[in-house]
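**Q** Take a look at the following structure, please.
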Amino acid sequence: MSANTLDTLSDLVRRAIAKGADAADAVFASGTAVATGVRNGVTEELERSETTDLGLRVFVGNKAAIVSATTLEPARFDSLAEQALAMARVLPEDRFAGLAENSLRGVYNTNTLDLADTAEPDTKTLLERAREGEEAALAIKGVTNSAGSQASWGRSQIALVTSRDFAGTYTRTSHGTSVCVLAGQGEDMQRDYDYHGTAHLTDLESAAALGKKAGENAVARLNPVRPRTGHYPVVFHPRVASSFLGHFIGAVNGSSIARGTSFLKEKMGQQIFADNVTITDDPTRPRGLRSRPFDGEGLNAGLLTLIENGVLKSWVLDSRSARQLGLSSNGRAARGTSGPPSPSATNLAFGPGEVSPAALIADIKEGLYITEMMGSSVNALTGDYSRGASGFMIRDGQIAEAAAGFTLAGNLTDIFASLVLADDLVFRFGTNAPTLRTDALNIAGA
């Protein structure tokens with residue numbers, strides 16, 4: 001995205017001010033995406049999309065309105081500004097509305113976080129990658145069918161201009177591969193998958209390796225048992241362990257705290273996890289899947305420690321939720337072109353634990369090792385938790401036969417307090433966790 005785009009957005013903001021807005025900002029997003037997919041060697045998906053979206057937000061006192069368009073056409077700017085102002089004047093006041101007070105100043109057009117890759121694979125290359133992943137999976141003994149293999153690439157550009165003299169733009173790219181296959185026959189058939197996504201192609205795991213793991217995972221799940229109903233230790237594979245970070249971040253979202261709809265609303269400064277647990281959010285991670293040089297309100301956001309030594313240290317805040325709570329934004333605003341900013345995490349992660357995954361399960365006489373979860377019944381107000389799951393039994397400290405057809409239930413307050421972390425943390429996704437263990441879940445099975 002060129003500097004000319006920032007100049008054009010600045011012109012839109014100036015026109016809104018000239019027509020009577022007390023403050024305004026404009027955000028523009030454009031992107032190109034290519035997705036390919038095969039199933040049993042036959043091309044099933046081949047799509048290319050190009051999108052552009054523009055959003056203008058204006059403030060008249062404490063009244064705010066947003067209008068959006070799909071093109072960046074200066075000829076339409078006057079009418080967009082007039083439409084937004086007309087809407088704002090008839091809307092109710094919001095005393096917490098407004099631009100961020102401590103936003104950056106000046107022009108920011110940088111790729112210091114290394115989010116944009118120059119590699120742009122064509123559709124032929126993507127289809128070859130999808131086929132490579134599927135072929136590797138189908139080569140595993142016991143795999144009987146494919147549920148599809150995909151390869152994708154995308155490039156997106158974001159630009160934001162505010163009437164507080166901020167103008168910024170950045171570009172990110174994405175490369176992804178996923179493979180899903182079936183093992184077994186008839187009612188005994190089992191499905192599993194593997195996937196990986198990166199900002200740079202050179203960081204992407206090979207399609208063959210992903211396919212091999214997907215096939216092995218599916219075969220390992222054949223002939224599952226249904227565990228007995230009871231209360232015993234549960235260990236979560238990293239690919240599902242990150243779901244607890246999702247529940248946590250929802251509970252410390254500034255909007256939820258301001259509304260009083262979080263079970264952690266009275267827990268600031270209190271012990272939530274064990275004293276060796278840390279949780280951080282870092283938008284500055286180079287090549288991070290959710291990294292960004294500034295947030296949706298033009299704030300410079302750095303590393304945020306949410307949990308330190310098990311203690312809750314911060315909410316996730318944009319400027320509006322911060323004002324509601326009498327605090328300052330910590331640069332976690334995310335936004336689209338048709339809605340206002342809202343608090344959102346970026347690269348979220350537990351810190352690594354101190355024991356190996358093997359040591360984490362070594363003392364478990366009978367337990368469960370969870371590799372997939374489905375459904376979700378989580379009460380944000382009380383923390384009550386219930387989810388379907390599948391995986392493997394743990395017997396005498398070893399991962400044993402496959403297990404399925406059961407539900408995990410408990411309360412997130414108890415689960416968080418009991419979590420024990422392994423030392424196998426890898427920054428593979430936008431939300432990352434090591435292997436986790438909890439002794440605070442009930443199992444509803446046979």
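**Q** Considering only segment 16-44, how many residues are farther than 17 Å from T171 by Cα and either part of a loop (DSSP other than H, G, I, E, B) or aromatic (F, W, Y) (or both)?
**A** Of the residues in segment 16-44, 6 are farther than 17 Å from T171 by Cα and either part of a loop (DSSP other than H, G, I, E, B) or aromatic (F, W, Y) (or both).
**Q** Only one of these is open to solvent by 40 Å² or more (accessible area, probe 1.4 Å), assigned to a strand (DSSP E or B), over 23 Å from G331 (Cα atoms) and of a type outside the set (S, T, Y): E128, E47, E135. Name it.
**A** On the way: E128 fails: assigned to a strand (DSSP E or B); E135 fails: assigned to a strand (DSSP E or B).
Among E128, E47, E135, only E47 is open to solvent by 40 Å² or more (accessible area, probe 1.4 Å), assigned to a strand (DSSP E or B), over 23 Å from G331 (Cα atoms) and of a type outside the set (S, T, Y).
**Q** In the list A88, A69, A35, which residue meets the criterion of being open to solvent by less than 60 Å² (accessible area, probe 1.4 Å) and within 24 Å of the chain's Cα centre (by Cα)? Reasoning before the result, please.
**A** Details: A88 fails: within 24 Å of the chain's Cα centre (by Cα); A69 fails: within 24 Å of the chain's Cα centre (by Cα).
A35 is the lone residue from the list that is open to solvent by less than 60 Å² (accessible area, probe 1.4 Å) and within 24 Å of the chain's Cα centre (by Cα).
**Q** Now a separate question. Assuming F96 fulfils every condition listed in (1) touching a residue at least 60 places away in the same chain (Cβ under 8 Å); (2) buried (at least 20 other Cβ atoms within 10 Å of the Cβ); (3) among the aromatic types (F, W, Y) apart from one, which condition is it?
**A** Among (1) touching a residue at least 60 places away in the same chain (Cβ under 8 Å); (2) buried (at least 20 other Cβ atoms within 10 Å of the Cβ); (3) among the aromatic types (F, W, Y), F96 violates only (2).
**Q** Right, here's the next one. Could you list, in sequence order, all residues of segment 259-284 that are open to solvent by 40 Å² or more (accessible area, probe 1.4 Å) and either in contact with a strand residue (DSSP E or B) (Cβ under 9 Å, 6 or more places away or on another chain) or not basic (K, R) (or both)? First the steps, then the outcome.
**A** At the first step, the residues of segment 259-284 found to be open to solvent by 40 Å² or more (accessible area, probe 1.4 Å) are 259, 261, 265-271, 275-276, 278, 284.
Listed by number, the residues that qualify are T261, E266, K267, M268, G269, Q270, Q271, D275, N276, T278, T284.
**Q** Let me ask something additional. Out of curiosity, is T52 out of contact with any Phe, Trp or Tyr (no Cβ under 8 Å at 6 or more places or on another chain) and either modelled with pLDDT of 95 or more or open to solvent by 40 Å² or more (accessible area, probe 1.4 Å) (or both)?
**A** Numbers: out of contact with any Phe, Trp or Tyr (no Cβ under 8 Å at 6 or more places or on another chain): no; either modelled with pLDDT of 95 or more or open to solvent by 40 Å² or more (accessible area, probe 1.4 Å) (or both): yes.
Criteria not met by T52.
**Q** While we're looking at this one, here's another question. So, Y170, is that one under 21 Å from the mean Cα position of the chain (by Cα) and without any contact (Cβ under 8 Å) to a residue 24 or more places away in the chain or not? Step through it out loud before you land on a result.
**A** Working: under 21 Å from the mean Cα position of the chain (by Cα): yes; without any contact (Cβ under 8 Å) to a residue 24 or more places away in the chain: no.
Answer is no for this residue.
**Q** Among what's in segment 170-228 and is charged (D, E, K, R) and within 27 Å of S156 (Cβ to Cβ), pick the residue that is least open to solvent (accessible area, probe 1.4 Å). Before you say what the answer is, go through the steps one by one.
**A** In the first step, residues of segment 170-228 are kept if they are charged (D, E, K, R); the result is 172, 187-188, 191-192, 194, 203, 205, 212-213, 216, 221, 226, 228.
Remaining after also requiring within 27 Å of S156 (Cβ to Cβ): 172, 194, 203, 205.
Values: R172: 48, D194: 22, D203: 70, E205: 45 Å².
Looking at residues that are charged (D, E, K, R) and within 27 Å of S156 (Cβ to Cβ), I get D194.
**Q** Any residue in segment 225-241 that's within 17 Å of F416 (Cβ to Cβ): show its pairings with residues that are open to solvent by 10 Å² or more (accessible area, probe 1.4 Å) at Cβ separation under 6 Å, as long as the two are six or more apart or on different chains.
**A** Taking only residues 6 or more apart or on different chains, the pairs are P233/D439; V235/I361; V235/Y369; V235/R437; V240/M373.
**Q** Still on this structure, please answer the following. Does S321 satisfy the condition of being assigned to a helix (DSSP H, G or I), surrounded by 20 or more Cβ atoms within 10 Å (Cβ to Cβ) and either touching a residue at least 60 places away in the same chain (Cβ under 8 Å) or within 21 Å of the chain's Cα centre (by Cα) (or both)? Before you say what the answer is, go through the steps one by one.
**A** Values: assigned to a helix (DSSP H, G or I): yes; surrounded by 20 or more Cβ atoms within 10 Å (Cβ to Cβ): yes; either touching a residue at least 60 places away in the same chain (Cβ under 8 Å) or within 21 Å of the chain's Cα centre (by Cα) (or both): yes.
It is true that S321 is assigned to a helix (DSSP H, G or I), surrounded by 20 or more Cβ atoms within 10 Å (Cβ to Cβ) and either touching a residue at least 60 places away in the same chain (Cβ under 8 Å) or within 21 Å of the chain's Cα centre (by Cα) (or both).
**Q** In segment 155-165, how many are within 21 Å of L115 (Cα to Cα) and crowded, with 22+ Cβ neighbours inside 10 Å?
**A** Filtering segment 155-165 for residues within 21 Å of L115 (Cα to Cα) gives 155-161.
Filter again for crowded, with 22+ Cβ neighbours inside 10 Å, leaving 159-161.
Qualifying residue count for the region: 3.
**Q** Also, quick follow-up: Go through (1) open to solvent by 10 Å² or more (accessible area, probe 1.4 Å); (2) polar (S, T, N, Q); (3) in contact (Cβ under 8 Å) with a residue 24 or more places away in the chain for S376 and report which single condition fails.
**A** Just one mismatch for S376, condition (3).
**Q** Could you tell me which of the residues S103, S152, S68 is modelled with pLDDT under 95, of a type in the set (G, A, S) and not in a helix (DSSP H, G or I)?
**A** Working: S152 fails: modelled with pLDDT under 95; S68 fails: modelled with pLDDT under 95.
Of S103, S152, S68, the one residue that is modelled with pLDDT under 95, of a type in the set (G, A, S) and not in a helix (DSSP H, G or I) is S103.
**Q** Would you mind telling me which numbered condition in (1) surrounded by 15 or more Cβ atoms within 10 Å (Cβ to Cβ); (2) touching a residue at least 24 places away in the same chain (Cβ under 8 Å) G388 fails?
**A** G388 satisfies all of (1) surrounded by 15 or more Cβ atoms within 10 Å (Cβ to Cβ); (2) touching a residue at least 24 places away in the same chain (Cβ under 8 Å) except (2).
The values are calculated or read from the model by the stated rules, or taken from the named source; none is laboratory data. Just so you know, these numbers come straight off a predicted model, no measurement behind them. Positions of Cβ are backbone-derived with ideal geometry, glycine not excepted, and every protein chain shown enters the neighbour counts. Heavy atoms of the whole protein, side chains included, go into the accessibility calculation; ligands, DNA and RNA do not. Shrake-Rupley method; radii C 1.70, N 1.55, O 1.52, S 1.80 Å.
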